[in-house]
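See structure below.
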Amino acid sequence: MTSTADAPRSPGRPRSIRADEAIIEATLDLLAEGSTIEALSIEAIATRAGVGKATIYRRWAGKDALLLDALRRLKGVMAQPAGHSVRDDLVLLVGAIGKNVDPRAAKIMPCLAPAVNRSADQFQLYQNIISPRRQLMREVLRRGIDEGVLRADIDVEVTMALLTGPMLIQRVLQWNPDLDEQTLPERVVDAVLDGIQAR
């Protein structure tokens, strides 16, 4: 399920960056318009992008590899903690959960859940997208333990779930419209830190 979009090319005509962009954009547009991951086809993507199917297969090994790159694009660049304050780093990471600058994300991301639950391949695709983000939060929490800021006996994986869950349910499902999304990351982090800080 690795992307081949950045694989080394043999000598010859340079690959068109414009075609790459058109293919990614076509994939995201089709998903935003209601195509399910299962129903999405390379043929439909090629038609929307105005390229041949061979153009896609020269760049990606298959649909899963293309989807991985498209959804990574949708998620955007990962937030990068400064490393000075565990609290500030957690607020930054929690604030990035479910937050996307691309308006298509609001239509696409909630639709991933059924596919993830039905298909082992789609589950792995989802894990490939979020695993680096989860690892970043894990590193901040472990740094907090090493620095004596956080209790040594905390369960790091459960703590990540406690930090992530409220943001996901609010941003994806709009669970409580009365919650202020601007201040929610700080409030979530402070509430969790209250239970895991070293005393």
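The table for this structure:
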{"item": "Number of positions in the stretch 157-199 that are touching a strand residue (DSSP E or B) at 6+ places or on another chain (Cβ under 9 Å), without any contact (Cβ under 8 Å) to a residue 60 or more places away in the chain and assigned to a helix (DSSP H, G or I)", "result": "2"}
{"item": "Test: residue in the stretch 130-143 that is closer than 27 Å to Ala32 by Cα, in contact with a helix residue (DSSP H, G or I) (Cβ under 7 Å, 6 or more places away or on another chain) and of a type in the set (Gly, Ala, Ser)", "result": "no"}
{"item": "Whichever residue in the stretch 95-154 is basic (Lys, Arg) and at pLDDT 90 or above and, among such residues, is least open to solvent (accessible area, probe 1.4 Å)", "result": "Arg138"}
{"item": "Matching residues, the stretch 21-66, being of a type in the set (Phe, Trp, Tyr) and either within 24 Å of Pro103 (Cβ to Cβ) or not in a helix (DSSP H, G or I) (or both)", "result": "Trp60"}
{"item": "Count of the stretch 101-151 residues which are touching a residue at least 60 places away in the same chain (Cβ under 8 Å) and acidic (Asp, Glu)", "result": "3"}
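Every residue, every condition in (1) open to solvent by less than 30 Å² (accessible area, probe 1.4 Å); (2) modelled with pLDDT of 90 or more, yes or no:
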residue: Glu33; (1), (2): no, yes
residue: Ile37; (1), (2): yes, no
residue: Ile42; (1), (2): yes, yes
residue: Ala54; (1), (2): no, yes
residue: Ala79; (1), (2): yes, no
residue: Ser85; (1), (2): no, yes
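The values are calculated or read from the model by the stated rules, or taken from the named source; none is laboratory data. The shown structure was predicted, so the numbers you read here are calculated from the model rather than taken from an experiment. Heads up, the Cβs are rebuilt from the backbone with ideal geometry, glycines too, and the neighbour counts pull from every protein chain shown. Surface areas here come from the heavy atoms of the whole protein model, side chains and all, with no ligands, DNA or RNA. Shrake-Rupley method; radii C 1.70, N 1.55, O 1.52, S 1.80 Å.
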